[in-house]
Every structure is written in C-alpha cells, then in structure tokens.
Amino acid sequence: MRSIFLALAVSLTPIATMVAAPVTSTAQSVDDTAEDVSKLGAWSAEYNTVMVEMAALFDNPVFDKFLEDIMDENVTVEESEVSLKAWRANHKSRMRKLNTMLDDMPAVPKINSPELQSVRLGLVEQRKAMRTAMDDFDAMATKLDEIATKVLEGDDSGLEDMSVVLLERGISALINENASLETSKNSLPDKTHPNYYLIGLMQDVNLFSIEELRILKKASLGDSGRAVRRDNIRTMGRILDGADARIKLARASTDKFLKQLRGYSKLLSPNTSEGKMISTVTLMMESFHGAIDVEEKIIELQRRSLAIYESDMSDEEIETKTDALSEELYELIDERIALHGQRANMAASIGG
C-alpha cells in the first residue's frame, strides 16, 4: 500500500530551474538576462515550496497511522476511528493551507530574453498542472474516507476496492506527470544541458514506478506469481538500462559546462555583472553533480526492487521488502526536492 503513495510523492517533485547559458555580448544584455533568470528562479522557488507541501499530503505521521490502523486486523474499531478522525482533521488543514498557497501563487513572470521564453512556457505548463494535481488528491482523499468508513462498519470488501482505485489513480498521476515533464524538458533551449538529462531521469523513475503499480494491481485482482510479472519485469529492466545511460550523459554534460564556465570566470572580473552571474551559475552547475548522485541512488534502489520482483517470493514477502525500500526512497525524494529549491534560490539571486 505504501508504494501507491510513494509513486504519488515521486510524481510531485518539481524539475530544477534552468541554468542560463553565459551571455557575453553587452552589459545591458547581461543585466537583462540576469534579471529574467532571477524572476524565473524566484517563481520556481515559490513553486517548490508549494510542491513540498503537496508531496506531504500523503507522507506524514498522521496519515501513516491512519493507513496502518485501517489495514491492521489487530487494531480495534475504536482505535481506528480515532486515527480516521485525526487524519480527516489533519488532511483538511493541509488542504486549506494548500488552497491558500495556490490562490496566492503568482503567474509565471513575463520576461524579455528570447533564449528564456521556451523555459518560461515550460513553467507556465507546470503552473497549470498544480490545480489538477490538487483536484486529484482531493478526490483520492474522499474515496479513502468513504472506504475507511465502510470498513469500520464491517464491510471489509472496500479494502480491495481501495487498493485498485488508488493504484489506478497512481498510474494515471504518473502518466500525467511524465507528460508535463516532457513539455518542460522540451522547453530547454539546449538539449545537451544536464537538466535535460535530469528531467529524463525523473521520467525514468516514474516509468519504473508505473510498472510497479501495474504489478500491484495485478496482485490485487488475484493475478500473482513471477510469470504474471514477466512483461513488467522486462520493461523495468529496459527503463533502468536507459536511466544508466542518461546518468553518464548528465555527468559528462555537467563537466563540460563547468569547464566552459570556469574558463569564462578567469576572463571576467568578479565585480562586474557578468562576473557575478557566471559565479552563481557555476555554483548552480556544481550542484548538478549532487542532483545526479541522488537520481543514481534512486535508480540503484529501483534495481534492488527489480531483483525482488524477479524472485519467486510470495506477494506478501514482496510487499514487505519493497515497502522497506520505499522508506529509503522517500528520503531521497526529500533530498531531490531540497536540491531543486537550492538551485531555484540561487537563480533568484542572480539579478540581485
């Protein structure tokens, strides 16, 4: 069950802010570009803050306790009712906060730099997807509440329905997220930029999670065993192989851009507008190595998951072992979000 909500947390992590290529023409063009990068960076930092809150909707101690109690036969009805009421109150509070944040979320700022217009359009698409994600989560919470209420009234059949419904919603959310990421990836002017590969890695992680959810859905409907998982396992292996290749490309791209930026910095005074901009962009580019490390760790965890699915373990053993891995994955997702926020804040500082 935890895998369902892990998939949703994966789908909500934002993409990193675009690192602008160095501008070496006139001082005015440098200042204009720096101002535009700063505007987009500041907006991305605010977006990141909302995404952190949204990712926590189904990743918090109150929800965990509710989910554990409602699924545990040894927990009394009275105890489960207390957990359900606590989750309802907590979820409503979080939703009120998020709706306020969304209402206050500004439009993506207009900019003048032609080279950044496609990046801005990618952020516009992300902005549109925020409300859709909120609506999906609201519908999911309503369904959870309905099923939990039936279970507490003695109708355990709702538990199977809950699993299937949530799995289907999780798959749909990841597919939609990948479409949004594709728009953002294609908005980058440079297809050799490390961010291009990083977004591709996020899509790979999502694709792998989709196959996991499809396996879980089969099991929920009574289809289990390694033979039933065979096609999913093959697809998962291809996804991870592609991710490994993308990791290498991302590292090579980062090193290439860092070499160029360090060459520029030697020619520029750190007190000039361009010098300051190059210095900040260099720091942002250096942070990509850390971001790549995180994605590589996520891919390594997914390889461990794949080995479990390739085994002849029972469904119960598989769920226990993959749930244990999901706890490690949550920590990496948190780290991913934090790194995105750091780069957004650095971009916001460029114009200052």
(request) Looking for whichever is in a helix (DSSP H, G or I), polar (S, T, N, Q) and modelled with pLDDT of 95 or more here; the options are Asn195, Asn232. Which one fits? (result) Asn232
(request) For residues that are closer than 25 Å to Ala89 by Cα and either assigned to a loop (DSSP other than H, G, I, E, B) or among the charged types (D, E, K, R) (or both), tally how many sit in region 35-78. (result) 13
(message) Against the definition (over 30 Å from Ser220 (Cα atoms), without any contact (Cβ under 8 Å) to a residue 60 or more places away in the chain and hydrophobic (A, V, I, L, M, F, W, C)), how does Ile247 come out, yes or no?
(response) yes
(request) Six or more apart or on different chains, Cβ under 6 Å: which pairs go from a residue in region 24-49 that's more than 16 Å from Val124 (Cα to Cα) and modelled with pLDDT of 65 or more to one that's surrounded by fewer than 17 Cβ atoms within 10 Å (Cβ to Cβ) and polar (S, T, N, Q)? Could you list them? (result) Asp32/Asn112
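For region 130-164, name all the residues that are out of contact with any Phe, Trp or Tyr (no Cβ under 9 Å at 6 or more places or on another chain), without any contact (Cβ under 8 Å) to a residue 60 or more places away in the chain and surrounded by 19 or more Cβ atoms within 10 Å (Cβ to Cβ).
Of everything in region 130-164, those that are out of contact with any Phe, Trp or Tyr (no Cβ under 9 Å at 6 or more places or on another chain), without any contact (Cβ under 8 Å) to a residue 60 or more places away in the chain and surrounded by 19 or more Cβ atoms within 10 Å (Cβ to Cβ) turn out to be Ile147, Gly158, Met162.
With respect to Ser80, is the statement that it is among the polar types (S, T, N, Q) and farther than 30 Å from Glu316 by Cβ true? Write out each step before concluding.
Numbers: among the polar types (S, T, N, Q): yes; farther than 30 Å from Glu316 by Cβ: no.
Criteria not met by Ser80.
Determine if region 266-281 includes at least one residue that is at pLDDT 95 or above, touching a Leu at 6+ places or on another chain (Cβ under 6 Å), open to solvent by less than 80 Å² (accessible area, probe 1.4 Å) and in a helix (DSSP H, G or I).
Of the residues in region 266-281, the ones at pLDDT 95 or above are none.
No, because not a single residue in region 266-281 is at pLDDT 95 or above, touching a Leu at 6+ places or on another chain (Cβ under 6 Å), open to solvent by less than 80 Å² (accessible area, probe 1.4 Å) and in a helix (DSSP H, G or I).
Looking at Ala291, Ala307 in this structure, which one is at pLDDT 95 or above, open to solvent by less than 60 Å² (accessible area, probe 1.4 Å) and of a type in the set (A, V, I, L, M)? Working first, answer last.
On the way: Ala291 fails: at pLDDT 95 or above.
Only one candidate passes the filter, namely Ala307.
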(request) Check Arg246, Arg251 and return the single one that is in contact with a Leu (Cβ under 8 Å, 6 or more places away or on another chain), assigned to a helix (DSSP H, G or I) and open to solvent by 20 Å² or more (accessible area, probe 1.4 Å). (result) Arg246
(request) Please determine, by comparing only the residues of region 314-344 that are crowded, with 20+ Cβ neighbours inside 10 Å and among the charged types (D, E, K, R), which one is farthest from the chain's Cα centre (by Cα). (result) Arg343
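The values are calculated or read from the model by the stated rules, or taken from the named source; none is laboratory data. The model shown is predicted, which means the values in this text are computed figures rather than measured ones. All Cβ positions, even for glycine, are placed from backbone atoms using ideal geometry, and neighbour counts span all protein chains on display. Note: accessible area is taken over every heavy atom of the protein model, side chains too, but ligands, DNA and RNA are not part of it. Shrake-Rupley method; radii C 1.70, N 1.55, O 1.52, S 1.80 Å.
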